[in-house]
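First up is the structure itself, then whatever we jot down about it.
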Amino acid sequence: TAEAAAALAGATRCTLLLLGRSAPPAEEPAWLAGLCDEGSIKRGILQHEFGAPAGAPGTTTHKPAPAEIEAAYRRIMGGREIRFNLSRIESAGARVLYRAVDVRDAAALRGVLNGVVAAHGPVRVIIHGAGVLHDRRIEDKSVGQFDDVFDTKVGGLRALLQVVDAAALRHLVLFSSVSGRFGRQGQVDYAMANEALNKVARRFAAMHPECRTTAINWGPWDGGMVTPALKREFERLGISLIGRAEGAAAMLREMQIADGAVEVVLGSGFGREASGRRLDERHEGVSAQAGKARRHEGGQRTQQRLTVASGTACEADTAIERQLSTSSAFVCELSVERFPFLTSHVIGGRPVLPVAVMLEWLAQAAGDAHSGMAFFGIDNLRVLKGVILRDKSYPVRVDVKATRGDGGTVLVDLALRGGSPNRPVLHARATAVLQPTIDPPADGVAAGWFESQREWRDGRSLYRDVLFHGPHFQAIERVAPCSDRGLWARLRKAPSPREWMRNPTRTRWITDPSAIDAALQMGIVWCHERLGEPSLPSFIARFRQYRVAWPRDGVTAALEVRKSARHQLVADVAFLDARGEPIAQAEGIEWTVDASLRAAFTGAQAGGGAV
Ligand SMILES: NC(=O)c1ccc[n+]([C@@H]2O[C@H](COP(=O)([O-])OP(=O)(O)OC[C@H]3O[C@@H](n4cnc5c(N)ncnc54)[C@H](OP(=O)(O)O)[C@@H]3O)[C@@H](O)[C@H]2O)c1
């Protein structure tokens with residue numbers, strides 16, 4: 001952190017306030033002058049702070065414990081480090097202040113900052129680098145140690161954001177770690193803390209677009225926390241250390257990328273398992289996200305060399321690789337074995353990923369990238385190319401392209417892609433809408449045209465005569481007759497994810513893919529009965545969900561036609577509970593009406609673009 005502060009000072013000549021728990025360094029006593037090596041300093045401590053060795057004439061007989069000598073030594077070295085950093089920052093032309101405060105203590109922090117802000121103006125930049133380690137296995141770790149590691153990072157950031165005027169901030173830089181991304185033995189607390197910083201950074205960035213926020217997941221530096229023993233371990237693993245000057249320059253550069261990624265991974269050689277297999281060779285799981293994240297939105301590799309301030313590229317074993325972290329928020333390998341529900345969604349003889357499941361996975365990706373925010377809806381979900389399982393398996397991922405804030409709402413631009421990393425295929429795109437809490441619909445849901453005197457019929461005949469959907473998606477329980485205005489139906493809720501897929505990543509759905517798919521089927525039924533042609537959905541203009549969970553006993557859905565033409569149906573669907581209260585609403589759903597789909601529905605030819 002000191003290296004980064006010095007680089008910032010050199011680049012901007014700003015006023016820097018350094019915070020740490022250590023007391024401000026006092027002048028060193030005369031006896032310390034000229035002493036540098038550990039042995040002579042410790043001998044000096046023994047003699048001057050505790051008296052000469054026991055038995056020496058004219059001295060005390062107190063024999064200090066080794067820990068006491070060690071603590072005194074650390075205090076001296078800490079003081080020297082602070083003095084050294086203060087003087088080199090000053091000599092870089094910046095004004096520098098040091099205050100002793102525990103960053104977790106919001107009240108004390110406020111006391112310190114109030115005085116400094118009154119004298120020097122608002123805080124424009126935060127570099128949150130406070131961190132401590134208590135590496136050990138979970139069973140050997142005490143709660144106190146866990147809290148110390150976790151709270152220094154997360155509690156410290158919370159206190160900083162409480163105390164500082166966020167609107168005045170122009171840069172928020174969080175020193176996170178590759179440990180949060182790849183994990184590391186003995187660092188469960190440290191990994192959690194760093195990943196929490198990553199996610200708080202994303203949220204803060206969305207809420208404060210005027211502030212360049214970045215969580216840098218550093219690989220190991222040559223210094224600071226990295227002890228000689230750790231250095232040897234990294235060498236063994238083939239992980240190069242980040243040179244101090246290079247790291248500091250990389251931070252400055254990251255701060256200057258105005259629309260850069262919020263989470264970045266900077267370092268070299270990490271992401272390699274002990275076996276030598278790269279993590280990005282895996283297709284599933286959290287670790288894979290980082291590997292996948294090497295990919296840019298456009299699909300090109302972004303493992304670019306950073307150029308340091310001098311303009312030369314970081315070279316050889318100190319090269320810093322830059323990865324846009326977690327740009328792929330959802331990654332899976334699509335196969336019938338893993339996702340048996342695909343056997344119930346076969347078009348043209350091949351399993352096709354239903355739009356309703358796409359919607360669920362887009363919601364999941366947006367939520368995973370912004371933990372703490374609730375899923376409120378999706379805008380402009382466009383299927384550009386159906387996800388068709390032509391081989392045994394097919395990799396699919398959801399990339400977070402951009403995140404914007406709009407009041408308390410976070411808008412997340414998403415792209416659902418598939419195929420090999422070298423030749424990615426864009427299948428769908430959408431913008432997810434997240435909010436801190438879910439609001440009920442402002443004007444209610446318009447679904448008052450139900451003609452209750454009409455006869456309902458059993459939905460089963462639809463799956464025999466009209467729809468291609470297999471058992472997983474046979475969710476239209478009952479249906480009212482079609483009218484020019486639309487169609488009503490009673491829909492079943494989806495069973496738990498475990499019943500639809502092997503090893504699901506969630507225990508419950510965010511949306512209800514069964515009910516939503518059935519609503520899309522209602523459009524197919526309407527086109528069949530009123531236009532005499534088959535159809536498939538390809539676009540949802542706006543989907544809003546007003547509950548965290550859909551009712552267990554299913555929903556009633558009202559499809560209301562907005563526009564129908566030879567080749568297209570546009571309709572809205574309202575989802576209501578047993579009391580007629582709104583659960584969700586989809587507006588501007590488009591179905592492509594195409595006679596050629598008739599053969600595909602019966603499995604005679606391959607499916608087309610819409611699904
Ligand atoms: N070094 C690396 O290889 C590496 C790699 C990845 C990430 N990082 C991250 O980068 C940051 C800096 O690492 P570093 O290597 O420079 O570590 P370091 O030399 O141990 O410095 C950590 C700093 O945090 C301060 N600190 C700790 N607890 C504090 C608290 N409660 N309140 C105020 N200040 C506190 C310490 O000052 P006092 O002792 O005076 O409080 C110290 O100045 C850490 O967050 C670390 O997780 C480092």
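Scanning the range 228-244 for residues that are among the aliphatic types (A, V, I, L, M) and either closer than 22 Å to Ala2 by Cα or assigned to a helix (DSSP H, G or I) (or both) turns up Ala229, Leu230, Leu241, Ile242. When the residues of the range 184-195 are filtered to those that are among the polar types (S, T, N, Q) and within 11 Å of the ligand (Cβ to nearest atom), the one that is farthest from the chain's Cα centre (by Cα) is Gln187.
Looking across the range 144-178 at every residue that is crowded, with 19+ Cβ neighbours inside 10 Å and part of a loop (DSSP other than H, G, I, E, B), the one that is farthest from the ligand (Cβ to nearest atom) is identified as Leu169. For the range 206-232, the candidate set comprises residues that are within 14 Å of the ligand (Cβ to nearest atom) and among the hydroxyl-bearing types (Ser, Thr, Tyr); within that set, the residue that is modelled with the lowest pLDDT is Thr227. Out of Glu254, Glu246, Glu235, one residue alone is within 15 Å of the ligand (Cβ to nearest atom), in contact with a Gly (Cβ under 7 Å, 6 or more places away or on another chain) and charged (D, E, K, R). It is Glu254.
Here Val123 passes the criteria (1) in contact (Cβ under 8 Å) with a residue 40 or more places away in the chain; (2) under 33 Å from the mean Cα position of the chain (by Cα); (3) within 14 Å of the ligand (Cβ to nearest atom) except the one numbered (3). Within the range 405-431, the residues that satisfy the criterion of being among the basic types (Lys, Arg) and buried (at least 17 other Cβ atoms within 10 Å of the Cβ) are Arg417, Arg429.
Within the range 126-143, being within 16 Å of the ligand (Cβ to nearest atom) and either assigned to a loop (DSSP other than H, G, I, E, B) or among the β-branched types (Val, Ile, Thr) (or both) holds for Ile126, Ile127, Gly129, Ala130, Gly131, Val132, Leu133, His134, Asp135. Taken together, the criteria exclude Arg181 from residues that are touching a His at 6+ places or on another chain (Cβ under 8 Å), among the charged types (D, E, K, R) and more than 10 Å from the ligand (Cβ to nearest atom).
Looking at Ser22, Ser87, which is the one that is within 15 Å of the ligand (Cβ to nearest atom), closer than 24 Å to Asp222 by Cα and at pLDDT 90 or above?
Ser22
In the range 373-386, the condition of being in contact with a His (Cβ under 8 Å, 6 or more places away or on another chain), within 29 Å of Leu576 (Cβ to Cβ) and assigned by TED's automatic domain parsing to the domain that holds Gly470 is met by at least one residue.
The values are calculated or read from the model by the stated rules, or taken from the named source; none is laboratory data. For clarity, every value in this text was computed on a predicted model and none was experimentally measured. All Cβ positions, glycine included, derive from the backbone under ideal geometry; neighbour counts span all protein chains shown.
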